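Notes follow the structure.
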Amino acid sequence: MGGLAAAHCLGQAGHKVTLFESASAIGEVGAGIQVTPNVSRLLRRWGVGDALESVAVRPDAIVLRKYDTGERVAYTSWADMERRYGSPYYHIHRADLHKLLFDLAVPFMDLRLKSTVVGVDPDAPSVTLATGEVIYGDLIVGADGIKSTIQRVVLGHTNPAEPTGDAVYRAVIPSHLLLKDPELKGFIDVPEMTGWMGPGRHIMAYNIRAKKEFNIVLAHPDDGSAESWTAEGSADKMRADFADFEPRIRKLLSFVNSTLKWRLMDRQPLKKWIHPSYKVILLGDACHPMLPYRAQGAAMAIEDAAVLGNLLSRLQHPAQLRGLLQAYEDLRLPRTAETQRQSRLNQKIFHLPDGPEQEARDAKMRAAMEIELKMLRGEGGEATLEGSPNQWADRKKNEAQFAYDADAEAERWWREVGERSLGGAERFETVLSKL
């Protein structure tokens with residue numbers, strides 16, 4: 001996702017882009033993914049807003065429930081997302097989002113398939129392919145994911161993965177199966193993101209593909225899964241792992257014949273994303289892999305691409321590259337580190353065992369829900385609900401996460417810092433003539 005977005009943004013900025021892909025074909029598998037307002041505004045700006053609207057679903061709200069009874073303990077309306085944050089919230093299939101980004105990138109990139117990078121010279125800079133071919137360029141952008149080869153080049157070592165203790169099952173159910181059942185039909189009729197919180201486990205479910213499919217993600221204690229988007233899991237084991245969840249969950253899982261299983265590993269924020277040569281940088285999961293509990297993994301990678309492209313659209317002389325790349329790291333690293341922190345927090349919040357802590361969490365969520373419902377009825381003024389364990393109810397966090405505009409941040413930096421410190425081409429021509 002991040003590599004394709006970067007190819008589009010850097011190509012739009014006037015740069016020649018070559019994308020190296022080790023696979024023989026470029027595509028995406030998986031299940032649902034969330035496109036939050038901080039990303040949908042970029043996709044709209046890039047001209048694919050109508051295409052996004054046609055394949056995605058706008059959820060009405062997020063609802064959090066008790067795992068065993070289905071009792072609603074939290075509710076946050078998302079009906080006003082566009083008014084509040086400037087762009088809609090969508091649910092979409094990963095493959096559909098991937099295609100949107102691929103179509104955006106195609107006009108701007110030379111795509112090299114079956115091109116595995118086995119070596120990098122960060123000073124040239126150049127990449128060496130498994131075939132022995134060496135390709136030179138001006139900048140290498142490592143958007144090669146959680147098992148990044150380029151990260152080792154930038155850091156001199158790899159950032160070790162830390163087990164979270166969790167794995168997730170992912171499955172997609174045809175919506176017509178739910179529509180036939182009166183107890184399940186409401187999940188399609190009213191497109192909410194519904195979560196069930198239980199001891200050491202939780203489930204998130206929502207509509208995708210214009211409500212033709214129902215996506216379900218089930219987090220559970222890891223029992224030796226692989227860190228992979230494509231590893232097969234056992235549907236029978238999945239049903240056993242969630243046998244104590246409410247009857248509607250058991251019905252939903254009865255429709256699942258096959259599932260993908262993904263081990264969740266965590267990585268602490270990196271101290272740097274740029275090689276000392278300033279000719280190799282990192283982007284997306286290669287520098288800030290996200291746990292899925294805040295639904296911001298792809299979002300952060302796409303934001304990275306937008307900021308990088310915006311900054312490098314101002315490049316008029318090679319001497320400016322160092323300052324522009326440093327701005328990219330300075331703008332992006334703190335934001336992605338905070339988003340990683342919020343994702344970890346949700347793991348703890350969702351997975352509390354039954355008992356006093358869980359009861360206190362639920363009481364706080366219910367209190368925030370009552371305030372939300374009163375606001376929706378027009379019975380009270382605006383409330384920020386700051387500190388709510390339902391992080392989607394916290395208006396201050398939502399403002400920071402969803403109102404963020406990657407282009408505006410890059411433009412603000414250029415206006416306040418870059419234009420003065422880096423200047424234009426004329427300044428560099430003057431310096432070079434003196435030299």
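So, of the residues in the stretch 242-260 that are touching a strand residue (DSSP E or B) at 6+ places or on another chain (Cβ under 6 Å) and open to solvent by 30 Å² or more (accessible area, probe 1.4 Å), which turns out to be farthest from I173 (Cα to Cα)? Among those that are touching a strand residue (DSSP E or B) at 6+ places or on another chain (Cβ under 6 Å) and open to solvent by 30 Å² or more (accessible area, probe 1.4 Å), it is L260. Here F187 fulfils each of the conditions (1) open to solvent by 10 Å² or more (accessible area, probe 1.4 Å); (2) within 25 Å of D60 (Cα to Cα); (3) assigned to a loop (DSSP other than H, G, I, E, B) apart from (3).
Could you list, in sequence order, all residues of the stretch 261-273 that are part of a loop (DSSP other than H, G, I, E, B) and open to solvent by less than 30 Å² (accessible area, probe 1.4 Å)?
We begin by selecting, within the stretch 261-273, every residue part of a loop (DSSP other than H, G, I, E, B); these are 267-273.
Listed by number, the residues that qualify are R267, L270, W273.
Inspection of the stretch 222-237 finds no residue satisfying the criterion of being hydrophobic (A, V, I, L, M, F, W, C), open to solvent by less than 10 Å² (accessible area, probe 1.4 Å) and within 27 Å of L345 (Cα to Cα).
Among residues belonging to the stretch 382-399 that are in contact (Cβ under 8 Å) with a residue 60 or more places away in the chain and either farther than 15 Å from K364 by Cβ or in a helix (DSSP H, G or I) (or both), point out the one that is least open to solvent (accessible area, probe 1.4 Å). Looking at the filtered set, the residue picked out is N398.
Within the stretch 274-294, the set of residues being farther than 14 Å from P160 by Cα, open to solvent by 30 Å² or more (accessible area, probe 1.4 Å) and assigned to a helix (DSSP H, G or I) comprises just one member, P292.
Go through (1) surrounded by fewer than 23 Cβ atoms within 10 Å (Cβ to Cβ); (2) within 22 Å of the chain's Cα centre (by Cα); (3) aliphatic (A, V, I, L, M) one by one and return the number of the condition V120 breaks. Evaluating V120 over (1) surrounded by fewer than 23 Cβ atoms within 10 Å (Cβ to Cβ); (2) within 22 Å of the chain's Cα centre (by Cα); (3) aliphatic (A, V, I, L, M) leaves (2) as the failure.
Among residues of the stretch 292-309 that are at positive phi, those with a beta-carbon under 9 Å from a residue that is of a type in the set (G, A, S) and open to solvent by less than 10 Å² (accessible area, probe 1.4 Å) at least six positions away or on a different chain give the pairs A295/S343.
With a requirement of 1 or more residues that are open to solvent by 40 Å² or more (accessible area, probe 1.4 Å), the strands (runs of 3 or more DSSP E) lying completely within the stretch 1-99 that satisfy it span 17-20, 61-66, 72-77.
For the stretch 343-354, the criterion of being at pLDDT 95 or above, open to solvent by 30 Å² or more (accessible area, probe 1.4 Å) and either among the small types (G, A, S) or out of contact with any Gly (no Cβ under 8 Å at 6 or more places or on another chain) (or both) is met by at least one residue. Entry remark, the stretch 358-381: residues being loosely packed, with under 13 Cβ neighbours inside 10 Å and either closer than 20 Å to M265 by Cα or not small (G, A, S) (or both) number 4 in total.
State all residues of the stretch 157-184 that are open to solvent by less than 50 Å² (accessible area, probe 1.4 Å) and in a loop (DSSP other than H, G, I, E, B); if no residue qualifies, say none. Residues satisfying the conditions are N159, A161, D181, L184.
The values are calculated or read from the model by the stated rules, or taken from the named source; none is laboratory data. Note that the structure is predicted; figures quoted are calculated from it, not measured. Note: ideal-geometry Cβ built from the backbone for every residue, glycine included; neighbour counts use all protein chains shown. Only protein heavy atoms, including side chains, enter the accessible area calculation; ligands, DNA and RNA are left aside. Shrake-Rupley method; radii C 1.70, N 1.55, O 1.52, S 1.80 Å.
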